[in-house]
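Below you'll find the structure, written out as structure tokens, and then a few comments.
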Amino acid sequence: MADRMTPEQRHRCMSRIRGRDTKPELVVRRWLWHQGFRYRLYVKSLPGRPDIVMRKWQTVIFVNGCFWHGHGCQKHRPATNAQFWQEKIVRNRERDARNQAQLQAAGWHVIVIWECQLMPKRRLDTLRELDLALSRIVLQHNGAPAPYPDIDDNPAIAAEPPMSPLDPCTG
């Protein structure tokens, strides 16, 4: 299938896609702020330049776009230049996994929230899961004993299991 846009039009459209201050990020940031959490944005010194960094709690939050980071919920893939996009998404997933592993090895809690989890139908559940994850982290940093030792200390939001870089979840 041929692209309906000229290369110049496609370039202009793609160059306008934001990598920072996206709507899903703003939803999470507003919620965190109203909950009393303070944070920094896009800390360059950390692997992957996390979207949200809460140094006090040794926690980073990535708010990932489903298409760009290869989440399994995406049913649509570009028909033009499909090989390029497939390879790019695989590279992005590998890079994300590498960055998350480096952060965890350095003692950071890593939380990943997917764009689809912040759609209106799922937003409240996702923010509740985020609240639960952050509550556990805060309690742990304050020296409270873990009430549920079998629960992972680095939970994925919305009860998602950790993803391997090449095995997209089904969203």
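At-a-glance table
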quantity	calculated
Hits in region 47-56 (condition: open to solvent by less than 40 Å² (accessible area, probe 1.4 Å), without any contact (Cβ under 8 Å) to a residue 40 or more places away in the chain and under 12 Å from the mean Cα position of the chain (by Cα))	51, 52
Number of the exception - residue 41 against (1) surrounded by 15 or more Cβ atoms within 10 Å (Cβ to Cβ); (2) in contact with a strand residue (DSSP E or B) (Cβ under 7 Å, 6 or more places away or on another chain)	(1)
Residue match in region 133-149 (condition: over 18 Å from residue 25 (Cα atoms), among the polar types (S, T, N, Q), at pLDDT 75 or above and exposed (fewer than 13 other Cβ atoms within 10 Å of the Cβ))	yes
Failed criterion for residue 115 (all others in (1) within 22 Å of residue 133 (Cβ to Cβ); (2) at pLDDT 95 or above; (3) open to solvent by 20 Å² or more (accessible area, probe 1.4 Å) hold)	(2)
Test set (1) under 20 Å from residue 136 (Cβ atoms); (2) open to solvent by 20 Å² or more (accessible area, probe 1.4 Å); (3) within 16 Å of the chain's Cα centre (by Cα) - residue 59 fails condition number	(2)
Residues that are surrounded by fewer than 17 Cβ atoms within 10 Å (Cβ to Cβ), under 16 Å from the mean Cα position of the chain (by Cα) and farther than 23 Å from residue 122 by Cα, drawn from region 67-110	90, 91, 94, 95, 97, 98, 101, 102, 104
Scope region 19-33; condition among the basic types (Lys, Arg) and in a helix (DSSP H, G or I); matching residues	23, 29, 30
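The values are calculated or read from the model by the stated rules, or taken from the named source; none is laboratory data. Given the structure is predicted, the values throughout are model-derived calculations rather than measurements. Don't worry about glycine lacking a Cβ; one is built from the backbone with ideal geometry, like all the others, and counts go over all protein chains shown. Please note that ligands, DNA and RNA were not included when accessible areas were found on the heavy atoms of the full protein model with its side chains. Shrake-Rupley method; radii C 1.70, N 1.55, O 1.52, S 1.80 Å.
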